[in-house]
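The values are calculated or read from the model by the stated rules, or taken from the named source; none is laboratory data. The structure presented is a predicted model; accordingly, all values stated were derived computationally and were not measured. Note that we place each Cβ from the backbone using ideal geometry, even for glycine, and neighbour counts take in every protein chain shown.
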Amino acid sequence: MSKKKGTIAVLTGGGDCPGLNAVIRAVGKTAIENGYEIYGIQNGFNGLITNSMQLLTNKELSGLLPRGGTVLGTTNRDNPFKFAVGEDSKGNVIYADKSAEVVRNLKNHNIECLIVIGGDGSLHIAAELSERCDVNVVGVPKTIDNDLPYTERTFGFDTAMAMATEALDRLHTTAESHHRVMALEVMGRYAGWIALHSGIAGGADCILLPEIPYDINSILAKIRQRKENGKSFSIIVVAEGAKPVGGDITVARMVKGSFEPIRLGGVGEKLVTEIEQKTGIESRCTVLGYLQRGGSPTAYDRVLSTRYGVAAVEAFMNRNFNTMVALQANEIVTVPIVKVATNPRGVPVDSDIIRAGRHIGICFGD
Ligand code: F6P
């Protein structure tokens, strides 16, 4: 018989993100310090369906703070309520409801609360587990996109923003030396947080966000005006979810069986092709891609991840279930998890950051 006060579990779901291991460490250490046993579930919800979990001790939790990725593994495909079990003769995915297995595996390990570190897809599943299966859950908001509602910051965003800013600094040197237009396409799905913040920090001339459809003529006017003022190069940050006025987003691929099958990408290349054709200025696009998600978290993300991990276990100890920990006015709070499983939080178009950008002459494509 375990002498522990109780047992909880933690999983990481969706795309990897800097700070995941720092949250796992904080959750584990807080649980152990307070006399609880903690299981780490392997590969997101998949591990709950297949019963893949292991007890975490201080040994497994050691060395995690600066480490990128997730030591638990992750996936953005395995929804217990809609689990892919095969394909029919036409290649359509066949799904089955595996939520009963999840509940059984949690019960067999006496797990009283499941801490889900994830973005909207994983938190949506966590909310469904609490509502439909009576599982006690606490969510931790993860995503480089910073697009979850009811929190001002998700962990991982700061690191992605820093990477994109460094990329812009590097692109500046080639842009200036070769008198080119250089575009950087950044991630963020349907929200422009990474583009906006890195664009301001990296001194971009144009920042194109999903929230503000762009008119190519405004961008061309900005580039030409800079040329007239003796600046023979321009820097553009374009969010992968940006689209022209009256046009559509650019889809790179569809991922079968994913929570959210659309993968964006390609708008930057389209944009530079059009700019080069219309201005005659040599133009190039760099897609920053997964470099934004990999590697060690910034100091800010390590602190935020630690605060979130500790707060998630505190929520469990206070029996404040079916909540997500969040940052509001720089304080850690909890919000009902069902509220979070709604639309993504875009950049408000009247935000003071956009206003500041306009005042210093940045073109937002409108
Ligand atoms: O949500 C994080 C994110 O990196 C998005 O910015 C991006 O659109 C998407 O995930 C890419 O997903 P995947 O890893 O499945 O290619």
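Assorted remarks:
- Filter result for I117 (within 27 Å of Y36 (Cβ to Cβ), of a type in the set (A, V, I, L, M), in contact with a Lys or Arg (Cβ under 6 Å, 6 or more places away or on another chain) and within 16 Å of the ligand (Cβ to nearest atom)): yes
- Answer from L171, L196 - the residue that is touching a helix residue (DSSP H, G or I) at 6+ places or on another chain (Cβ under 9 Å), hydrophobic (A, V, I, L, M, F, W, C) and part of a helix (DSSP H, G or I): L196
- Flag for D134 being in the same structural domain as V313 (by TED's automatic domain parsing), over 15 Å from the mean Cα position of the chain (by Cα), surrounded by fewer than 24 Cβ atoms within 10 Å (Cβ to Cβ) and away from the ligand (no atom under 13 Å from the Cβ): yes
- Any hit, segment 100-111, residues being small (G, A, S), modelled with pLDDT of 95 or more and over 29 Å from D158 (Cβ atoms): yes
- Any hit, segment 140-151, residues being surrounded by fewer than 21 Cβ atoms within 10 Å (Cβ to Cβ), in contact (Cβ under 8 Å) with a residue 12 or more places away in the chain and acidic (D, E): no
- Restricting attention to segment 1-49 and to residues that are touching a Ser or Thr at 6+ places or on another chain (Cβ under 8 Å) and charged (D, E, K, R), the residue that is farthest from the ligand (Cβ to nearest atom) turns out to be E37.
- Among residues of segment 169-196 that are under 30 Å from D248 (Cα atoms), those with a beta-carbon under 8 Å from a residue that is among the basic types (K, R) and more than 11 Å from the ligand (Cβ to nearest atom) at least six positions away or on a different chain give the pairs R180/R284; V181/R284; M182/R284; A183/R284; A191/R345.
- The residue pairs whose first member lies in segment 308-323 and is outside the structural domain of P149 (by TED's automatic domain parsing), whose second member is surrounded by 16 or more Cβ atoms within 10 Å (Cβ to Cβ) and modelled with pLDDT under 95, and whose beta carbons are closer than 9 Å, counting only pairs six or more residues apart or on different chains, do not exist in this structure.
- Flag for E211 being part of a loop (DSSP other than H, G, I, E, B), of a type in the set (D, E, K, R) and within 16 Å of the ligand (Cβ to nearest atom): yes
- No other residue among G365, G361 is more than 16 Å from the ligand (Cβ to nearest atom), in contact with a strand residue (DSSP E or B) (Cβ under 9 Å, 6 or more places away or on another chain), outside the structural domain of A195 (by TED's automatic domain parsing) and among the small types (G, A, S) apart from G365.
- Check on G15, assigned to a loop (DSSP other than H, G, I, E, B), within 22 Å of the chain's Cα centre (by Cα) and touching a residue at least 12 places away in the same chain (Cβ under 8 Å): yes
- For segment 168-208, a residue qualifies if it is more than 11 Å from F364 (Cβ to Cβ), out of contact with any Ser or Thr (no Cβ under 6 Å at 6 or more places or on another chain) and within 15 Å of the ligand (Cβ to nearest atom), and the qualifying residues are E185, V186, M187, G188, R189, Y190, A191, W193, I194, H197.
- Elements of type strands (runs of 3 or more DSSP E) contained in segment 246-289, each with 2 or more residues being within 12 Å of the ligand (Cβ to nearest atom): 251-254, 262-264
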